[in-house]
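Participant: Sharing a structure, written as structure tokens. Questions coming.
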Amino acid sequence: MKIPAIYKQKKPVFSLEIFPPKRKTNRESLYDTVAQLAECEPDFISVTYGAGGNIADNSTCEIAANIKKNYGIETVAHLTCVNSTREDVQEMISRFQDADIENVMALRGDIVPGEDIRREFRHANELAIEIQRTSGDDLNILGACYPEGHYQSDSLDSDIQNLKYKIGAGVRVLITQLFFDNSAFYDFLDRARGAGITVPISAGIMPIVKASQIEKTVQLSGASLPHDFTAMISQYEFDPKGLYEAGTQYAIRQIRDLIEHGVDGIHLYTMNDPNVAIRVWEGIRDLL
Ligand code: FAD
């Protein structure tokens, strides 16, 4: 099923994101994770794409296809372009089509400073154009957006103007970068709608439940940290059980507030941890 049809049928759409394990030997344990995640009755699961863009050892297509076939859950395969040639991109698109994948998230990918990038595609909108050109209506296209602005853009307004290129290139659904301050999301939504962006926008939420995520995810995300969040971190930074519980509850509160404000969808960054995803889902299922 094409994802926009799900947004037409229900609100909020509830989706999960997973990433392919680095080692092939861990692939089976990912499917155990998916079997557990299926308990949350997600409307779709999205599978990220390795940042290097190397298609030879990329498992996104295979994983997304297997989830759809074996668990009957709709999937979205992510695809990045900044490190790929046009031929690589065309090869991946035809793999997606052969595997019956119907939804692709078109992404630029991060640019590692000093790294030699291919520059055949400079932005996600150029990838979206290529997907449409190659696949016609076969593949539905999703894209990323940034409630607090992308780190390379001069301002939130210029980032939103650039976002319109994606919509023009055929992106039908947007999913946000993680954020911890709902008021930033509401402000972004107002501005995006004001700029004429009408496609459904799912809010990306990541529960922070481990101290290691504070440095890796929280600091790198550039997301603003409201007082409640920093108070939680200082209270539980060295108390693993306490942080697990408080982080889960924070995400539940954030999501309940978003749903009460009429959000189109919730996209949970699971970090491949089914226990956290299930706990969060249990805390919001009455609203789904
Ligand atoms: P773009 O849309 O190209 O935007 C990048 C910057 O360029 C922005 O500052 C924007 O304002 C500007 N811009 C956009 N279009 C134009 C234009 N036409 N002209 C001039 N400026 C423009 N990374 C991965 O490697 N793999 C993944 O699977 C993955 N999944 C993600 C999923 C989500 C929901 C999100 C939010 C991010 C994901 N990322 C992933 C990270 C993403 O690749 C990076 O955030 C990257 O830096 C930007 O990607 P983009 O597609 O938003 O780029």
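Participant: For a quick check: sort 84, 183 by the number of other beta carbons within 10 angstrom, fewest at the front.
Facilitator: Fewest to most other Cβ atoms nearby, the residues stand as 183, 84.
Participant: For a quick check, take a GNM of the chain with Cα springs below 10 Å and name the residue from 80, 176, 25 with the largest mean-square fluctuation.
Facilitator: Its mean-square fluctuation being the largest, the pick is 25.
Participant: When only C-alpha pairs under 8 Å and at least 6 residues apart count, what is the relative contact order of the chain, in percent?
Facilitator: About 21 percent, as a whole number.
Participant: With 10 angstrom as the radius, rank 224, 46 by how many other C-beta atoms surround their C-beta, starting from the fewest.
Facilitator: Values: 224 13, 46 28.
So the residues, fewest neighbours to most, are 224, 46.
Participant: What FRET efficiency, computed as 1/(1 + (r/R0)^6) with R0 = 45 Å and r the Cβ-Cβ distance, is obtained for residue 119 and residue 241, rounded to the nearest 0.05?
Facilitator: Step by step, r from the Cβ atoms, then E = 0.40.
Participant: Quick one: 208, 259, fewest Cβ neighbours within 10 Å first, how do they rank?
Facilitator: 259, 208
Participant: Continuing with the same structure: Tell me, which longest segment in the chain has none of the chymotrypsin sites (Phe, Trp or Tyr not before Pro) that fall in DSSP loops with at most 15 further Cβ atoms within 10 Å?
Facilitator: 1-150
Participant: Within the chain, how many Lys pairs sit with Cα atoms under 22 Å apart, leaving out pairs fewer than 8 places apart on the same chain?
Facilitator: Within the chain, the lysine pair count is 18.
Participant: OK, next. Hey, got the Cα dimensions of the stretch 3-287 along the principal axes, in Å, largest first?
Facilitator: Each principal axis gives a Cα extent; for the stretch 3-287 these are 51, 44, 43 Å.
Participant: Counting only the backbone N, which residues of the stretch 97-137 are under 15 Å from the spot 7 Å out from the Cα of residue 54 toward its beta-carbon?
Facilitator: Zone members listed by number: 116.
Participant: Once the principal axes of the Cα atoms of the stretch 112-244 are found, what is the range along each, listed largest first in whole angstroms?
Facilitator: For the stretch 112-244, the Cα extents along the three principal axes come out at 52, 38, 31 Å.
Participant: Going by Cα centres, the stretch 61-132 and the stretch 4-32 are how many Å apart?
Facilitator: 15
Participant: Right, another one. For the stretch 173-288, what D do you get in µm² per second when you plug the Kirkwood radius from alpha-carbon pairs into Stokes-Einstein at 10 °C and 1.306 mPa s?
Facilitator: 108
Participant: For the stretch 140-288, calculate the relative contact order in percent as a whole number, restricting contacts to Cα pairs under 8 Å that are 6 or more residues apart.
Facilitator: 24
None of the figures in this text is laboratory data; all of them are computed from the coordinates on show. What you are looking at is a predicted structure, and each value in this text was computed from that prediction instead of being measured. Methodologically, a virtual Cβ is constructed for each residue, glycine included, from the backbone with ideal geometry; neighbour enumeration extends over all protein chains shown.
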